[in-house]
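A quick write-up on the structure given underneath.
The values are calculated or read from the model by the stated rules, or taken from the named source; none is laboratory data. The structure displayed is predicted, hence computed values, not measured ones. Heads up, the Cβs are rebuilt from the backbone with ideal geometry, glycines too, and the neighbour counts pull from every protein chain shown. We work out accessible area using only protein heavy atoms, side chains counted, and drop any ligands, DNA or RNA first. Shrake-Rupley method; radii C 1.70, N 1.55, O 1.52, S 1.80 Å.
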Amino acid sequence: MNVAPVGNPRKTATVRQLGPVDIGALSAAVLAMPEAVWDTENRSKPNKFEALGQTRHVVFRFIDSPRDWRGSHDRPAWAEWRGLVEPVLTQAVREYGYARGVFPRVMLARMPAGGVIHPHIDANPAAKWPHKIHVPITTNPQVTSFFGEQTHHFPAGEAVEVNNLGPHWVRNGGDTDRIHLIFEYYDADQPEPGWLAPLLTAGAAR
(Lines give C-alpha, C1' and ligand atoms only; values in the text may rest on other atoms or scores of the structure.)
Protein backbone atom coordinates (compact mmCIF):
# COMPACT_ATOMS: atom_id res chain seq x y z
CA MET A 1 0.00 0.00 0.00
CA ASN A 2 1.36 3.40 -0.92
CA VAL A 3 1.84 5.86 1.93
CA ALA A 4 0.84 9.43 1.14
CA PRO A 5 3.63 11.98 1.63
CA VAL A 6 3.22 13.92 4.86
CA GLY A 7 5.12 16.92 6.11
CA ASN A 8 8.17 16.91 8.32
CA PRO A 9 6.99 17.16 11.96
CA ARG A 10 9.79 19.68 12.57
CA LYS A 11 8.21 22.18 10.16
CA THR A 12 6.13 24.99 11.57
CA ALA A 13 2.34 24.71 11.29
CA THR A 14 1.99 28.51 11.23
CA VAL A 15 5.02 30.84 11.21
CA ARG A 16 8.22 30.69 13.24
CA GLN A 17 10.15 33.87 13.90
CA LEU A 18 13.88 33.23 13.47
CA GLY A 19 15.15 36.67 14.37
CA PRO A 20 17.10 39.50 12.71
CA VAL A 21 19.81 38.94 10.12
CA ASP A 22 22.27 41.37 8.56
CA ILE A 23 21.02 42.02 5.03
CA GLY A 24 23.02 45.20 4.39
CA ALA A 25 25.45 43.97 1.75
CA LEU A 26 22.91 41.67 0.08
CA SER A 27 20.27 44.39 -0.01
CA ALA A 28 22.64 46.87 -1.68
CA ALA A 29 23.54 44.34 -4.37
CA VAL A 30 19.93 43.34 -4.98
CA LEU A 31 18.78 46.93 -5.34
CA ALA A 32 21.62 47.59 -7.80
CA MET A 33 20.72 44.64 -10.01
CA PRO A 34 19.78 45.85 -13.51
CA GLU A 35 16.27 45.19 -14.77
CA ALA A 36 17.73 43.27 -17.70
CA VAL A 37 19.28 40.78 -15.28
CA TRP A 38 15.98 40.27 -13.47
CA ASP A 39 14.28 39.67 -16.82
CA THR A 40 16.93 37.27 -18.09
CA GLU A 41 17.04 35.23 -14.89
CA ASN A 42 13.26 35.12 -14.67
CA ARG A 43 12.94 33.77 -18.21
CA SER A 44 15.20 30.83 -17.41
CA LYS A 45 13.85 30.01 -13.95
CA PRO A 46 12.75 26.42 -13.21
CA ASN A 47 9.88 27.44 -10.90
CA LYS A 48 7.31 28.59 -13.45
CA PHE A 49 4.04 28.20 -11.56
CA GLU A 50 0.86 30.04 -12.48
CA ALA A 51 0.11 30.89 -8.84
CA LEU A 52 3.21 33.11 -8.69
CA GLY A 53 1.62 35.68 -10.98
CA GLN A 54 3.96 38.53 -11.98
CA THR A 55 6.60 37.71 -9.38
CA ARG A 56 10.07 37.50 -10.92
CA HIS A 57 12.84 35.27 -9.58
CA VAL A 58 16.59 34.87 -9.58
CA VAL A 59 17.16 31.22 -8.72
CA PHE A 60 20.52 30.35 -7.14
CA ARG A 61 19.97 26.71 -6.20
CA PHE A 62 17.20 24.29 -7.16
CA ILE A 63 16.15 20.68 -6.72
CA ASP A 64 16.94 18.05 -9.35
CA SER A 65 13.48 16.48 -9.07
CA PRO A 66 10.14 17.66 -7.62
CA ARG A 67 9.91 14.28 -5.89
CA ASP A 68 13.13 14.40 -3.83
CA TRP A 69 14.68 17.29 -1.89
CA ARG A 70 17.97 15.41 -1.35
CA GLY A 71 19.27 16.14 -4.84
CA SER A 72 19.92 19.77 -5.78
CA HIS A 73 22.27 21.83 -7.87
CA ASP A 74 23.81 25.28 -8.22
CA ARG A 75 22.48 27.47 -11.00
CA PRO A 76 24.74 29.92 -12.91
CA ALA A 77 23.95 32.96 -10.73
CA TRP A 78 25.09 31.19 -7.55
CA ALA A 79 28.81 31.62 -8.25
CA GLU A 80 28.45 35.42 -8.35
CA TRP A 81 26.04 35.73 -5.42
CA ARG A 82 27.22 33.03 -3.04
CA GLY A 83 29.47 35.31 -1.00
CA LEU A 84 26.57 37.69 -0.33
CA VAL A 85 23.82 35.12 0.18
CA GLU A 86 25.51 32.44 2.30
CA PRO A 87 26.11 34.68 5.36
CA VAL A 88 22.40 35.55 5.41
CA LEU A 89 21.43 31.88 5.12
CA THR A 90 23.77 30.94 7.96
CA GLN A 91 22.40 33.63 10.28
CA ALA A 92 18.79 32.79 9.48
CA VAL A 93 19.10 29.09 10.37
CA ARG A 94 21.31 29.33 13.46
CA GLU A 95 18.34 28.55 15.75
CA TYR A 96 17.88 25.06 14.26
CA GLY A 97 21.31 23.84 15.33
CA TYR A 98 21.72 21.28 12.55
CA ALA A 99 25.27 19.94 12.17
CA ARG A 100 24.71 19.10 8.50
CA GLY A 101 22.10 21.49 7.15
CA VAL A 102 21.39 21.61 3.42
CA PHE A 103 19.84 24.36 1.28
CA PRO A 104 18.16 22.64 -1.70
CA ARG A 105 16.37 25.73 -3.05
CA VAL A 106 17.59 29.32 -2.75
CA MET A 107 16.19 32.28 -4.70
CA LEU A 108 15.24 35.93 -4.77
CA ALA A 109 11.56 36.69 -5.41
CA ARG A 110 10.47 40.16 -6.56
CA MET A 111 6.78 40.97 -6.40
CA PRO A 112 5.80 44.22 -8.10
CA ALA A 113 3.56 46.88 -6.61
CA GLY A 114 0.00 45.63 -6.93
CA GLY A 115 1.21 42.06 -7.43
CA VAL A 116 -0.47 38.94 -6.08
CA ILE A 117 0.69 35.41 -5.38
CA HIS A 118 -2.54 33.45 -5.59
CA PRO A 119 -3.71 30.99 -2.92
CA HIS A 120 -1.89 27.66 -3.25
CA ILE A 121 0.03 25.00 -1.38
CA ASP A 122 3.51 23.72 -2.23
CA ALA A 123 2.26 20.36 -3.42
CA ASN A 124 5.35 18.62 -4.82
CA PRO A 125 6.82 15.92 -2.56
CA ALA A 126 10.19 17.68 -2.42
CA ALA A 127 8.51 20.56 -0.56
CA LYS A 128 7.17 18.33 2.22
CA TRP A 129 10.37 17.94 4.25
CA PRO A 130 12.58 21.08 4.24
CA HIS A 131 11.79 24.17 6.27
CA LYS A 132 10.59 27.04 4.05
CA ILE A 133 12.22 30.32 5.12
CA HIS A 134 11.81 33.93 4.01
CA VAL A 135 14.13 36.87 4.62
CA PRO A 136 12.50 40.11 3.42
CA ILE A 137 14.98 42.37 1.65
CA THR A 138 12.58 45.19 0.74
CA THR A 139 8.93 45.55 1.63
CA ASN A 140 6.27 48.14 2.46
CA PRO A 141 3.47 48.34 5.06
CA GLN A 142 0.85 47.25 2.52
CA VAL A 143 2.43 43.85 1.85
CA THR A 144 0.24 41.16 3.41
CA SER A 145 1.05 37.46 3.61
CA PHE A 146 -1.35 34.69 4.62
CA PHE A 147 0.19 31.65 6.34
CA GLY A 148 -1.16 29.36 9.03
CA GLU A 149 -4.69 30.71 8.74
CA GLN A 150 -3.57 34.26 9.63
CA THR A 151 -2.37 37.36 7.82
CA HIS A 152 1.11 38.69 8.55
CA HIS A 153 3.47 41.51 7.64
CA PHE A 154 7.11 40.43 7.66
CA PRO A 155 9.59 43.30 8.17
CA ALA A 156 12.84 43.61 6.25
CA GLY A 157 15.79 41.81 7.79
CA GLU A 158 13.71 39.47 9.96
CA ALA A 159 13.95 35.78 9.03
CA VAL A 160 10.79 33.70 9.35
CA GLU A 161 9.85 30.10 8.62
CA VAL A 162 6.42 29.72 7.03
CA ASN A 163 3.99 26.87 6.59
CA ASN A 164 4.16 26.11 2.87
CA LEU A 165 1.98 22.99 3.14
CA GLY A 166 -1.20 24.86 4.01
CA PRO A 167 -2.99 27.39 1.80
CA HIS A 168 -1.00 30.61 1.51
CA TRP A 169 -1.03 33.80 -0.54
CA VAL A 170 0.66 37.21 -0.72
CA ARG A 171 -0.64 40.60 -1.82
CA ASN A 172 1.46 43.73 -2.38
CA GLY A 173 -0.96 46.61 -1.93
CA GLY A 174 1.78 49.22 -1.82
CA ASP A 175 3.55 51.23 -4.50
CA THR A 176 7.00 49.64 -4.17
CA ASP A 177 8.32 46.16 -4.91
CA ARG A 178 8.56 43.41 -2.33
CA ILE A 179 11.80 41.41 -2.61
CA HIS A 180 12.43 38.35 -0.45
CA LEU A 181 15.27 35.87 -0.18
CA ILE A 182 13.40 32.55 -0.06
CA PHE A 183 15.04 29.22 0.66
CA GLU A 184 14.57 25.71 1.97
CA TYR A 185 16.63 24.05 4.70
CA TYR A 186 16.76 20.53 6.08
CA ASP A 187 18.81 18.37 8.42
CA ALA A 188 20.81 15.77 6.48
CA ASP A 189 21.09 13.71 9.69
CA GLN A 190 17.33 13.45 10.22
CA PRO A 191 15.97 10.00 9.26
CA GLU A 192 14.14 10.06 5.95
CA PRO A 193 10.37 9.59 6.02
CA GLY A 194 9.01 6.12 5.37
CA TRP A 195 7.01 7.30 2.38
CA LEU A 196 10.02 8.51 0.38
CA ALA A 197 11.47 5.21 -0.85
CA PRO A 198 8.09 3.80 -2.05
CA LEU A 199 7.35 7.10 -3.79
CA LEU A 200 10.65 7.07 -5.67
CA THR A 201 10.28 3.37 -6.53
CA ALA A 202 6.79 3.97 -7.90
CA GLY A 203 8.05 6.90 -9.94
CA ALA A 204 10.93 4.90 -11.39
CA ALA A 205 8.53 2.13 -12.45
CA ARG A 206 6.42 4.46 -14.59
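When the accessible area of the chain is split by element with a 1.4 Å probe, what percent falls to carbon and sulfur?
Carbon plus sulfur share of accessible area: 55 percent.
Quick one: if you stick a label point 7 Å off each Cα along the C-beta vector at S65 and R43, how many nm between them?
Result for the modelled spin labels: 3.1 nm.
Just to verify a number: what accessible area does D22 come out at with the full protein assembly present, 1.4 Å probe, Å² rounded to tens?
110
For the chain, how big is Rg over Rh, using alpha carbon atoms and the Kirkwood form of Rh?
Looking at the chain, the ratio lands at 0.95.
Going by average Cβ density within 10 Å per residue, which order do the peptides 86-95, 159-168 take, highest to lowest?
Order by mean packing, descending: 159-168, 86-95.
Over the stretch 47-198, average the accessible area per residue using a 1.4 Å probe and give it in Å², no decimals.
41
Consider a paramagnetic label point 7 Å from the Cα of H152 along Cα→Cβ; state which residues of the stretch 12-31 have an amide N under 15 Å from it.
Only 12-21 pass the distance filter.
Within the stretch 127-143, what residues put their amide N at less than 20 Å from the label point 7 Å along the Cα-to-Cβ vector of Q190?
127-135
Grab the DSSP H runs of the chain that are 4 residues or longer, score each as -39,500 (n - 2.57), total them, divide by all residues and round the 222 nm result to the nearest 500 deg cm²/dmol.
-6000 deg cm²/dmol
For the Cα atoms of the chain, what angle does the longest principal axis make with the long axis of helix 77-92, in degrees from 0 to 90, nearest 10?
So the inclination is approximately 80 degrees.
Convex hull volume of the Cα atoms in the stretch 64-143, per residue, in Å³?
Once divided by residue count, the hull of the stretch 64-143 is 140 Å³.
With springs only between Cα atoms under 10 Å apart, run a GNM on the chain and tell me which of A188, A127, A32 wobbles the most.
Looking only at A188, A127, A32, the biggest GNM fluctuation is shown by A32.
Of the residues K45, K128, K11, which exhibits the maximal mean-square fluctuation in a Gaussian network model of the chain defined by a 10 Å Cα contact cut-off?
Ranking K45, K128, K11 by mean-square fluctuation puts K45 first.
Multiply the residue gap between D22 and R82 by 0.36 nm, knock off their C-alpha separation, and tell me the result in nm, one decimal place.
20.1 nm is the gain from fully extending D22 to R82.
For W169 and N140, calculate 0.36 nm times their separation in residues minus their Cα-Cα distance, and state this gained length in nm to one decimal.
Taking W169 through N140 to full extension adds about 8.8 nm, to one decimal.
Rg(Cα) of the stretch 132-206 divided by 2.2 N^0.38 Å?
1.49
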